[in-house]
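The values are calculated or read from the model by the stated rules, or taken from the named source; none is laboratory data. Small disclaimer: the values here were computed from a predicted structure and weren't measured. Don't worry about glycine lacking a Cβ; one is built from the backbone with ideal geometry, like all the others, and counts go over all protein chains shown. These area figures cover heavy atoms from the full protein model, side chains too; ligands, DNA and RNA do not enter into them. Shrake-Rupley method; radii C 1.70, N 1.55, O 1.52, S 1.80 Å.
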Amino acid sequence: MADKGKIIQRIKGVKDILPASAPMWQWVEDTTRETFESFCFSEIRVPIFEKTGVFSRAIGETSDIVEKEMYTFTDRGGESLTLRPEGTASVVRAYVENGMFNPPGARKLYYMGPMFRAERPQAGRYRQFHQIGAELFGPDDPAADAEVIHLLMSIFRNLHLEGLTLHINSLGCPVCRPGFRDKLGEYLATKKEALCENCQRRVDRNPLRVLDCKSRTCGEIAAGAPTVTENLCADCHAHFERTILLLEKTGIVVTRAPRLVRGLDYYSRTAFEVTSQALGAQDAVAGGGRYNTLVEQFGGPPTPAIGFAIGMERLISLLEDEAGALAPEIFFLPLLPEAEEIVFKFAGQLREEGFLVDMAFGGGGLKSQLKKADRASAHLAVIIGENELAQSQFQIKDMKSGEQFAVPMENLGQWLDEYLLGPD
Ligand code: HAM
């Protein structure tokens with residue numbers, strides 16, 4: 001019983017989402033759902049664990065995820081199961097198992113939820129993290145690539161996130177990739193001694209992965225390596241250029257990234273990442289690409305597909321950096337019990353009109369209640385004391401400028417409209 005009373009700590013690399021952050025998570029989820037719906041994507045919810053083969057088959061035996069990052073365990077029946085490290089493999093499994101290729105045509109699916117990877121925890125890298133993902137099954141058309149990337153960038157735009165860079169590359173197809181792989185392997189073999197230990201193994205098994213290594217020497221060697229983009233077949237080249245052209249029509253700024261490869265093996269042709277300099281070392285807020293053979297590998301009919309996933313913790317840390325998005329616009333300070341009754345009358349109406357409204361609980365004098373409004377980063381403090389009750393008016397203090405206004409109670413809605421939203 002020596003440990004009795006000792007605080008039990010959470011597992012390393014996981015996070016509690018506390019009430020202070022929950023509204024931000026809900027707002028992100030609601031805004032993304034609306035954006036998905038505007039692109040006609042429907043939600044799919046797949047299990048959090050699967051038979052291990054679902055992931056090892058899809059993600060690739062030589063990928064870091066499968067080699068060393070999966071939470072795999074044997075269940076009571078002796079079966080090997082794994083907590084999902086990503087969503088694509090499970091969605092492909094569900095697409096095939098539920099015959100979602102019928103009726104034929106495009107199938108647009110989205111999902112959100114926790115993923116698990118036994119990575120070394122650091123800022124922006126967790127062992128349980130959340131993704132918002134989308135997968136579009138059916139068309140092999142560059143218009144589908146452009147639509148999926150347009151959807152991703154629209155989510156960021158609707159969340160008012162700026163300062164992001166979209167990097168895009170083509171990884172080639174079964175026609176042109178083997179030739180490139182050999183060429184790259186030959187180049188890397190001449191530099192093998194200088195590569196890190198991991199990359200020395202990768203040269204023969206999966207040379208493309210060397211291009212993704214974070215070690216400085218490997219990075220320098222990769223900088224001189226032949227690029228996949230220079231070695232695309234005519235079809236892949238045309239697909240890539242058309243995708244970029246269509247994206248540019250939407251006004252999205254595209255950065256070509258000839259050395260971009262992805263950490264999962266299922267990709268062919270288009271691959272992309274969205275990064276933010278504000279994130280530090282783990283700078284990718286989203287990644288994705290085309291995967292044309294996965295459905296077949298899972299026993300379905302040949303069905304090209306493309307998708308992406310956004311890392312929610314990274315996304316939310318960017319939004320929190322921009323600060324205050326969910327700070328109350330109106331913060332009521334009821335200085336007496338009768339004032340509290342007035343608050344309950346007005347707060348509901350204002351919330352229905354779409355204002356962000358909060359209030360000070362627990363009574364107290366003006367000074368302590370103003371402190372609460374300040375701590376909540378409120379824009380306007382609406383004070384109701386004895387004088388205000390007697391005169392049927394509110395004292396409103398702009399917490400940013402310090403200005404004060406006396407507003408008749410019956411005019412509150414109209415006054416707030418004009419003050420916060422400006423004239424029509
Ligand atoms: P991914 O690049 O492995 O792709 O992950 C997508 C995003 O999830 C990353 O850009 C990052 O923001 C976030 N993420 C990944 N690992 C962690 C971690 N340990 N901690 C915090 N955030 C993390 C995929 O998962 C593919 N399934 C994307 C896709 C969908 N491709 C096609 N369809």
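Structural remarks
- Search result, residues across the range 119-138 that are more than 19 Å from the chain's Cα centre (by Cα) and in a loop (DSSP other than H, G, I, E, B): R120, G138
- Any hit, the range 322-340, residues being touching a residue at least 60 places away in the same chain (Cβ under 8 Å), open to solvent by 30 Å² or more (accessible area, probe 1.4 Å) and not hydrophobic (A, V, I, L, M, F, W, C): yes
- Candidates are the residues of the range 379-418 that are part of a helix (DSSP H, G or I) and of a type in the set (S, T, N, Q); the one that is least open to solvent (accessible area, probe 1.4 Å) is N411.
- Candidate set from the range 78-136 (those that are among the hydrophobic types (A, V, I, L, M, F, W, C) and under 19 Å from I316 (Cα atoms)); member that is nearest to the ligand (Cβ to nearest atom): F129
- Q349 meets all of the listed conditions (1) in contact (Cβ under 8 Å) with a residue 12 or more places away in the chain; (2) exposed (fewer than 14 other Cβ atoms within 10 Å of the Cβ); (3) more than 29 Å from S21 (Cα to Cα); (4) of a type outside the set (D, E, K, R) but one, namely (3).
- Where a residue in the range 370-397 is hydroxyl-bearing (S, T, Y) and its partner, wherever it lies, is in a helix (DSSP H, G or I), with Cβ under 9 Å and at least six apart: S392/M409; S392/E410
- Candidates in the range 271-309 are the residues that are open to solvent by 40 Å² or more (accessible area, probe 1.4 Å) and in a loop (DSSP other than H, G, I, E, B); of these, the one that is nearest to the ligand (Cβ to nearest atom) is D283.
- Count - residues of the range 71-99 that are open to solvent by 30 Å² or more (accessible area, probe 1.4 Å) and farther than 30 Å from G13 by Cβ: 2
- Each residue in the range 31-79 was checked for being more than 22 Å from R290 (Cβ to Cβ) and among the hydroxyl-bearing types (S, T, Y), and 6 pass.
- Among residues of the range 155-207 being among the β-branched types (V, I, T) and not in a loop (DSSP other than H, G, I, E, B), the one that is most open to solvent (accessible area, probe 1.4 Å) is T165.
- Considering only residues in the range 1-36 that are among the acidic types (D, E) and in a helix (DSSP H, G or I), the one that is nearest to G124 (Cα to Cα) turns out to be E29.
- For E340, the stated conditions do not hold, so it cannot be described as within 16 Å of the ligand (Cβ to nearest atom) and out of contact with any helix residue (DSSP H, G or I) (no Cβ under 9 Å at 6 or more places or on another chain).
- Of all the criteria given as (1) in the same structural domain as Q297 (by TED's automatic domain parsing); (2) open to solvent by 60 Å² or more (accessible area, probe 1.4 Å); (3) hydrophobic (A, V, I, L, M, F, W, C), the one not satisfied by I17 is (1).
- Taken over the range 103-118, residues that are more than 15 Å from P304 (Cβ to Cβ) and either modelled with pLDDT of 95 or more or open to solvent by less than 30 Å² (accessible area, probe 1.4 Å) (or both) amount to 9.
- I44 satisfies every condition listed in (1) aliphatic (A, V, I, L, M); (2) more than 16 Å from F116 (Cβ to Cβ); (3) open to solvent by 50 Å² or more (accessible area, probe 1.4 Å) except (3).
- Any chance P103 is within 30 Å of R157 (Cα to Cα), in a loop (DSSP other than H, G, I, E, B) and not small (G, A, S): no
- Verdict on D265 being closer than 17 Å to R177 by Cα, within 16 Å of the ligand (Cβ to nearest atom) and open to solvent by 40 Å² or more (accessible area, probe 1.4 Å): yes
- Meets criteria (farther than 30 Å from S38 by Cβ, buried (at least 19 other Cβ atoms within 10 Å of the Cβ) and over 31 Å from the mean Cα position of the chain (by Cα)) for C218: no
- The one condition from (1) under 25 Å from P174 (Cβ atoms); (2) more than 11 Å from the ligand (Cβ to nearest atom); (3) in a strand (DSSP E or B) that T255 does not meet is (1).
- Remark: I65 falls outside the filter, which requires a residue to be assigned by TED's automatic domain parsing to the domain that holds A134, more than 18 Å from R117 (Cα to Cα) and either of a type in the set (A, V, I, L, M) or exposed (fewer than 10 other Cβ atoms within 10 Å of the Cβ) (or both).
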